[in-house]
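This report concerns only the one structure given below.
Only the coordinates and a few stated rules stand behind these numbers; no lab work does. No experiment lies behind these values; they were computed from the predicted model shown. We place every Cβ from the backbone using ideal geometry, glycine too, and count neighbours over all the protein chains shown.
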């Protein structure tokens, strides 16, 4: 049981266990349920584009290299997550908790970061961040290295 890398998540609302990454992604795509519990989920390099993850708990999730184009993450908790080199172009991140998130190399072209908590979020080599947005993010606590 400890050697099953595909066993990645447990959804507390319905007590369903997802045995594979594919099943989890298909479940999220088929049902627009808010408040999903996806704590520490491993979905690196996954196609998560256009997913509905409103108010999802993605605390310490590994989404590095994931395709999150146009995903709806409004109000989600991503505190401590790894999003390095993910594609978040066009994503709705309004009100999202991005504190302590690794956002190095992330494409944020047309992403909406309005009201997002970016305290201690790590940015570097990002596409889609204007100098004005960069200054705004720094004022809000973001770190650019």
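If you go through segment 82-120 and keep only what is over 19 Å from residue 38 (Cβ atoms) and buried (at least 20 other Cβ atoms within 10 Å of the Cβ), you end up with 107, 108, 111, 113, 118. Just give me the residues in segment 102-125 being part of a loop (DSSP other than H, G, I, E, B), in contact with a strand residue (DSSP E or B) (Cβ under 7 Å, 6 or more places away or on another chain) and within 21 Å of residue 50 (Cβ to Cβ), in sequence order. Result: 108, 109.
Would it be correct to say that residue 27 is farther than 20 Å from residue 103 by Cβ and either free of Cβ contacts under 8 Å to residues at least 12 places away in the same chain or in contact with a strand residue (DSSP E or B) (Cβ under 9 Å, 6 or more places away or on another chain) (or both)? The answer is yes for residue 27. Checking the stated criteria, residue 101 turns out not to satisfy the condition of being closer than 15 Å to residue 141 by Cβ, in contact with a helix residue (DSSP H, G or I) (Cβ under 6 Å, 6 or more places away or on another chain) and without any contact (Cβ under 8 Å) to a residue 40 or more places away in the chain. Considering (1) surrounded by fewer than 20 Cβ atoms within 10 Å (Cβ to Cβ); (2) assigned to a loop (DSSP other than H, G, I, E, B), the lone condition that residue 69 does not fulfil carries the number (1). Could you grab the pairs with beta carbons closer than 7 Å, sequence gap of 6+ or different chains, first residue in segment 38-67 and on the phi > 0 side of the Ramachandran plot and in contact (Cβ under 8 Å) with a residue 12 or more places away in the chain, second one assigned to a loop (DSSP other than H, G, I, E, B) and buried (at least 20 other Cβ atoms within 10 Å of the Cβ)? Short answer, once both residue conditions are applied: 40/61; 45/66; 50/71; 55/76; 60/81; 65/86.
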